[in-house]
Amino acid sequence: MTLSEIAVLLGLNLLIITGVMLGLWLLALRLKDVSFIDGVWPLGMLMLALATFPRTEGDPTRKWLLLWLVGIWALRLSWHLLGRWRRNGADGRYVELVEAQEKARGWSFGKTALLFVLLPQGVLAWLTSLPVQLGQVAQEPAIGWIGWTGAVLAVVGIAFESIGDAQLAAFKKDPKNKGKVMDKGLWKYTRHPNYFGDACVWWGLYLIAAETGPGVWSIAGPLFLTFTLTKWSGIGITEKATAKTKPAYADYVRRTSAFIPWPPNKA
């Protein structure tokens, strides 16, 4: 594909995800809740990979590998997050975010949901998923050891995230753990095994894509995801909310790595 054809491909994909977010906005207006977006977001990235697949002529092995890996990741994560949303209702983080914007700017719920949540989430999904878009473009070279290393990393990430989510869900189901801090299993070595797993998945997908010329430029995707998980809307917001309800969380923070798994500090 020429540079202009790639630009058209990405541009149309951006229009597709924008259209999806407009549809979700109508749903948010009906529900008066926008916090379902966390569960839908991975499906948006899978949709972009699927939309790219028939419009590119890249190496078939690489294309299928990218599609299968992002599909497994997205379906598993969306099932988990949407199930949690249905059980627990509106996420307090999004409720606070929307209320803060309404108060600060005088925006209605609908305007805030569209301009401050859904449309930005669409653009960010498009950006994060660049490896599964640009990775499908080039026919050569065939997938090599860097790509297969990326595939292994992505599988490890899916497993790490899945195990962490399952361990936390089991912990929360036990009434005896109410108000306690989860510090067992993977949570003993990192405060956010789900975020670390996410990062591994997308850096793995990037390595698969990066063996091709166009795929190299998709590094903006995993870079942004890692930034948002560690510095922007991931760890910071989650830990601020948790610290309000669990006094023991401060001790957990002092002894446990925030992101990269590491033996706990015994001091």
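Can you tell me how much longer the chain between E99 and A170 gets when fully stretched, taken as 0.36 nm per residue apart minus their C-alpha distance, in nm with one decimal? Please list the in-between numbers first.
Working: separation 71, 0.36 × 71 = 25.56 nm, distance 3.18 nm.
Using 0.36 nm per residue and subtracting the Cα-Cα distance, I get 22.4 nm.
Positive-end ranking of P131, W107, W64 along the dipole of the chain, with charges on Cβ about the Cα centre, is headed by W107. Compute the signed sum of charges (Lys and Arg +1, Asp and Glu -1) over the other residues within less than 15 Å, Cβ to Cβ, of A125. Computed value for this residue: -2.
Can you give the FRET efficiency for R86 and K111, using 1/(1 + (r/R0)^6), R0 = 22 Å, r = Cβ-Cβ distance, to the nearest 0.05? List each step's numbers first, then the result.
Details: r = 26 Å, r/R0 = 1.18.
Rounded to the nearest 0.05, the efficiency is 0.25.
The tail of the calculated P(r) for the range 3-255 beyond 34 Å holds 21 percent of all Cα-Cα pairs. The Cα atoms of the range 23-110 give a gyration tensor whose axes a ≥ b ≥ c have a/c of 1.5 or more with a/b greater than b/c, which makes the shape prolate.
Quick check: net charge around G197, other residues with Cβ under 9 Å of its Cβ, Lys/Arg +1 and Asp/Glu -1? Could the numbers behind the result be given before it?
Values: positive: none; negative: E161, D165, D198.
Here the charged neighbours net out to -3.
Would you tally the net charge around F36, using a Cβ to Cβ cut-off of less than 14 Å, leaving F36 out, and scoring K and R as +1, D and E as -1? Numbers along the way, then the final one.
Details: positive: R30, K32, R84, R86, R87, R93; negative: D33, D38, D91.
It works out to a net charge of +3.
Quick check: the angle from helix 193-209's long axis to the longest principal axis of the chain, C-alpha only, nearest 10 degrees? Computed tilt is about 10 degrees. For the range 5-13, putting each phi into the Karplus relation 6.51 cos²θ - 1.76 cosθ + 1.60 with θ = phi - 60° gives couplings of 5, 5, 4, 5, 4, 5, x, 5, 5 Hz, in residue order, rounded to whole numbers and with x for Gly and Pro.
If you stretched the chain out fully between T242 and A258, how much longer would it get, using 0.36 nm times the residue separation minus the C-alpha to C-alpha distance? Write out the running numbers ahead of the final one.
On the way: separation 16, 0.36 × 16 = 5.76 nm, distance 1.37 nm.
Contour length minus the Cα-Cα distance gives 4.4 nm.
The long axis of helix 60-88 is offset from the longest Cα principal axis of the chain by roughly 20 degrees.
Can you show me the helix-derived [θ] at 222 nm for the chain, built from DSSP H runs with n ≥ 4 at -39,500 (n - 2.57) apiece and divided by the number of residues, rounded to the nearest 500.
When only DSSP H runs of four or more count, the value is -22500 deg cm²/dmol.
Across the options S233, A243, G204, the greatest Cα extent toward the positive end of the charge dipole of the range 181-267 (unit charges at beta carbon of Lys, Arg, Asp, Glu) belongs to A243.
Once the piece of chain linking W145 and V216 is laid out straight, how much longer is it, given 0.36 nm per residue of separation minus the C-alpha distance between them? List each step's numbers first, then the result.
Details: separation 71, 0.36 × 71 = 25.56 nm, distance 1.54 nm.
The span from W145 to V216 would gain 24.0 nm if fully extended.
No value in this document is a laboratory result; all are computed from the given coordinates. Keep in mind that this is a model prediction, so the values were computed, not measured. Glycine also receives a Cβ, built like all others from the backbone with ideal geometry; neighbour counts cover every protein chain displayed.
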